[in-house]
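Down below is the structure, laid out as structure tokens.
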Amino acid sequence: MTRLVYLLTVLVLLGSCKQEKTTEPKKAKNIILMIGDGMGVNQVYAAMSVATKPLSFEQFKYTGFHKTYSANAYITDSGAGGTALATGVKTNNRHIGVDPIGKPLKSILKYAEEHNLATGLVATSSIVHATPASFIANDTSRYNYEALAYDFLATDIDLFIAGGRKYFDNRSDSLNLIDSLKNRGYNIVDGFQNVDTTAAGKFAVFTAEGHNPSILEGRDKNMLPQSTENAINILNKDKDGFFLMVEGSQIDWGGHDNDIDYVVSETIDFDHAVKRALEFAKKDGETLLIVTADHETGGLALVGGEMETHTIEAKFTTDHHSSVMVPVFAYGPGAENFGGIYENTEVFDKMMKAFGFTK
């Protein structure tokens, strides 16, 4: 009897071990990467303090920090910062999608394309500004805007919503990239309000000739949240999944201006877009949502305030970027891998792992 119990126990243990070895973490079908350009911890807390309702940032159970320095500077710019997140390689400031010697790099968006996933970009800046461009273009200068726009023709991106139309149809080389996009099956739309999410085909949605105005200057408050939701609804039609990058571009610009109202209004606007993405991720169950920044801007310090009156007193230590680590918030399949402190390049690595991609 004792021998029989012993054998049964061994068999149960062996079965348990076998089950543990064959159990694999759930992969993400979709990834939404949201970048608050220039958004450090103090920008987030400033927005939380001023807002009259809890922000979506507070709903993330997995949080971490990444280190932002570039390949050639202790303080990164958005080109190097965006490239690190997009490609997993640290590069020189001003570089877009290339390594320090100018060799083109493959971004997470392009890996997603290779795996037949739908892909998209949304920004409140021009679409060829440093951060969105880092996911699709390759150039040694972030300021070669017309060249960056031309690189869109070398990809199969399904959707982009942002400013920057003039770099496609009012170019110094007289090329009309709008016609080129039409010939490649894109719906060309002016204004985020005019997007028909039921239409077939790909979408190039231009919200401004150059950059969009700020919230304080009258940008439609629905622009970023609604564009995020529209992008998700369109890309989610792909049964294989999707990758989407959304940038709240102008948090950074408020930091450069040392304007706390500008910073807070853009951070809250960005959080409204995060809310739309988080609602989708919670309902979907197969979407990894990551919210982070490329760097902090302004060296923002909160030196006073009152939670009861939703007021803050702020000071800036620079009108440029700072070197501090920036936060990472994650939800969904693979979110547990985003805790801790790591290099900015590891955000790319963790996304590749979540998708099950290999280089």
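Structure data summary
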item	result
Condition broken by S180, with the remaining ones in (1) touching a residue at least 24 places away in the same chain (Cβ under 8 Å); (2) surrounded by fewer than 20 Cβ atoms within 10 Å (Cβ to Cβ); (3) on the phi > 0 side of the Ramachandran plot satisfied	(3)
Matching residues in the range 115-141 - criterion: being surrounded by fewer than 24 Cβ atoms within 10 Å (Cβ to Cβ) and either of a type in the set (V, I, T) or within 21 Å of G38 (Cβ to Cβ) (or both)	T140, S141
Long-range neighbours under 7 Å by Cβ, at least six apart or interchain, first residue aromatic (F, W, Y) within the range 126-143, second part of a loop (DSSP other than H, G, I, E, B) and modelled with pLDDT of 95 or more	F135/S107
Scope the range 161-177; condition over 24 Å from the mean Cα position of the chain (by Cα) and in a helix (DSSP H, G or I); matching residues	D169, L177
I251 being out of contact with any helix residue (DSSP H, G or I) (no Cβ under 7 Å at 6 or more places or on another chain), within 25 Å of I108 (Cα to Cα) and touching a residue at least 40 places away in the same chain (Cβ under 8 Å)	no
Looking only at the range 289-304, and only at residues there that are crowded, with 16+ Cβ neighbours inside 10 Å and of a type in the set (G, A, S), the one that is nearest to the chain's Cα centre (by Cα)	A293
Total residues in the range 329-359, condition in a strand (DSSP E or B), surrounded by fewer than 18 Cβ atoms within 10 Å (Cβ to Cβ) and touching a Phe, Trp or Tyr at 6+ places or on another chain (Cβ under 7 Å)	1
Positions within the range 142-160 being in a loop (DSSP other than H, G, I, E, B) and surrounded by fewer than 20 Cβ atoms within 10 Å (Cβ to Cβ), in sequence order	Y143, N144, T155, D156
Hits in the range 192-208 - residues which are within 12 Å of I161 (Cα to Cα) and of a type in the set (D, E, K, R)	K202
Single match in T207, T228, T198 (criterion: outside any helix (DSSP H, G or I) and in contact with a Lys or Arg (Cβ under 9 Å, 6 or more places away or on another chain))	T207
Qualifying positions in the range 243-255 - in contact with a strand residue (DSSP E or B) (Cβ under 6 Å, 6 or more places away or on another chain) and in a helix (DSSP H, G or I)	I251, D252, G255
Whichever residue in the range 100-114 is of a type in the set (D, E, K, R) and in a loop (DSSP other than H, G, I, E, B) and, among such residues, is surrounded by the fewest Cβ atoms within 10 Å (Cβ to Cβ)	K103
Residue within the range 292-301 that is touching a residue at least 40 places away in the same chain (Cβ under 8 Å) and in a helix (DSSP H, G or I) present	no
Matching residues, the range 262-288, being crowded, with 22+ Cβ neighbours inside 10 Å and of a type in the set (D, E)	E266, D269, D271
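Conditions (1) touching an Asp or Glu at 6+ places or on another chain (Cβ under 6 Å); (2) assigned to a helix (DSSP H, G or I), marked per residue:
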{"residue": "V44", "(1), (2)": "no, yes"}
{"residue": "A47", "(1), (2)": "no, yes"}
{"residue": "A71", "(1), (2)": "no, no"}
{"residue": "G81", "(1), (2)": "yes, yes"}
{"residue": "A84", "(1), (2)": "no, yes"}
{"residue": "V89", "(1), (2)": "yes, no"}
{"residue": "V122", "(1), (2)": "no, no"}
{"residue": "A137", "(1), (2)": "yes, no"}
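The values are calculated or read from the model by the stated rules, or taken from the named source; none is laboratory data. Remember, it's a predicted structure, so these values are computed and weren't measured experimentally. Positions of Cβ are backbone-derived with ideal geometry, glycine not excepted, and every protein chain shown enters the neighbour counts.
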